[in-house]
Amino acid sequence: MRAEVAEFARFRAYTQVVFGPGAIRTAGDLLRSHGVAKALIVTDHGLVQAGLLDRATSALAAAGVEYVVFDGVEPNPCFETVERAADHYKSYLCQGILALGGGSPIDVAKSVGVLATNHGGLADYIGIGKVVNPMPPLLAAPTTVGTGSEVTIFAVITDKEQRKKAVIGSPQLAPLLAVLDPELVLSLPAELVASTGMDALTHAIESVISVFASPFTDGVALEAIRLITGHLPAAVASSAVEPRANLLYASSMAGIAFSCARTGLVHGMAHPLSSYCGVQHGLANAILLPKVLAFNAPCCESQLGRVAEAMGVMPDAGNAIQAVAALSAEVGIPARLSEVGVTEQFIPQMAQDAYSSGNAQVVNPRKPSLAEVTALYQQSL
């Protein structure tokens, strides 16, 4: 049985999704249909160099939509990056936003949207439900297969001074439009397919075991688990369209699920690993996932049994944990945090941050003590 069950189940899908090879070509028409004559494109240098930006700009130009490009987004983007991008939006009199990239550009684009229509600074909106005014029209085109940010109500921005990831959550943050174009993920390197694919798997599994899970969220989350399990190894092994298209689809499904069910202790522990140690988010999730599931298992055995079944093994909590670990190893994810440069140095600070997070104390099926979070980090080294 769950340690705690939400009194009411709530479900809502916020974003219009356009899915299919070449779908990025609809971006200009979609923005134009929502009254956008000039858009800010938020992306990063790597995508510009890879030539993916050209696909977005061509789509906007074909529809007669003017654009300005902000390509200064870094991994784990900070408040200062958001402020620079917001200055671009305001100074060039933009009317809408196109986010092109993984979770970092999309989260920056969401944050720019918040500042465009709400008073104050971004720090005023940290937490859940603080954003009041709707954003300008935002179209998100993901180029990874993991974050699901193109359909979620969350943005995560790094506070460098505090060494913390700040989470902003509100229905107002959901992009109006999402374009899922498998052609945008064909050039994604195998190691990023693996880590972002495991990130999506973490989203889906934590949605299933969340205290806020419901039949609605379970439906999309379990299907996402089936798709990821069935297609991730092939998508890592080659850049064929079909497996990567299925991962892209699954990532958005997992995003829809966790927008309602939210994420638990794995994410609570992964965020400090990025802030203190610079570990890529999907990689942190993947390494932590089996150990945190083993910790949670006594409080969500039946839910993990359903996860096991979705992964193609007998419905048992232990089988689910073994299947997750096996899939992670098959796609080349390191088994331990020490393999990605983590030491004991920041464990006390990371454990305190993770322990005090809503992921651990509100969403997770088992409420950990500080000592238990500390032990999980140590066991994962």
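Give the average over all directions of the projected area of the C-alpha convex hull of the range 22-180, one decimal, in nm².
8.2 nm²
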Practice prompt. Measure off 7 Å from each Cα along the Cα-to-Cβ vector at Q352 and E74, then give the distance between these two points in nanometres to one decimal.
Written response: 2.5 nm
Practice prompt. Tell me the label-point distance for the pair S58, L370, using the 7 Å Cα-to-Cβ offset, in nm and rounded to one decimal.
Written response: 5.6 nm
Fill in: Fraction of beta bridges assigned by DSSP in the chain that are antiparallel (%, nearest 5)
25 percent
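Going highest first, how would you order 250-260, 367-377 by mean Cβ packing within 10 Å?
The densest-packed peptide leads the list: 250-260, 367-377.
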Worksheet item: P(r) of the range 246-329 in 10 Å steps, Cα pairs, percent per bin?
Response: 17, 43, 36, 4
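Do any of K110/K130; K130/K165; K90/K165; K130/K160 go past 20 Å between their Cα atoms, and which?
K90/K165; K130/K160
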Worksheet item: For the range 190-380, what class follows from the C-alpha gyration tensor (a ≥ b ≥ c being the square roots of its eigenvalues): rounded when a/c is under 1.5, otherwise prolate if a/b is larger than b/c, else oblate?
Response: oblate
Response to the item:
CD proxy, 222 nm, the chain: helix-only mean residue ellipticity via -39,500 (n - 2.57) per DSSP H run with n ≥ 4, per residue, nearest 500, stands at -16000 deg cm²/dmol
Worksheet item: Straight-line reach from K367: which lysines have Cα under 16 Å away, leaving out those fewer than 8 places along the same chain?
Response: K291
Practice prompt. Specify which residue in the list L248, P272, A221 is farthest towards the positive end of the charge dipole of the range 206-305, using unit charges on the beta carbon of Lys, Arg (+1) and Asp, Glu (-1), about the Cα centre.
Written response: P272
Discussion item. Show me, bin by bin at 20 Å from 0, the whole-percent P(r) of the chain based on Cα pairs.
Written reply: 32, 60, 9
Worksheet entry | Label point 7 Å beyond Cα of T117 along Cβ direction - residues of the range 124-146 with amide nitrogen under 17 Å | 125, 129-140
Discussion item. Highest mean first, how do 214-226, 159-171, 91-103 rank when packing is the count of other Cβ atoms within 10 Å averaged over residues?
Written reply: 91-103, 214-226, 159-171
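Only the coordinates and a few stated rules stand behind these numbers; no lab work does. Please read these numbers as outputs of a predicted model, since none were measured by experiment. Every residue, glycine among them, receives a Cβ derived from its backbone with ideal geometry; neighbour counts consider all protein chains shown.
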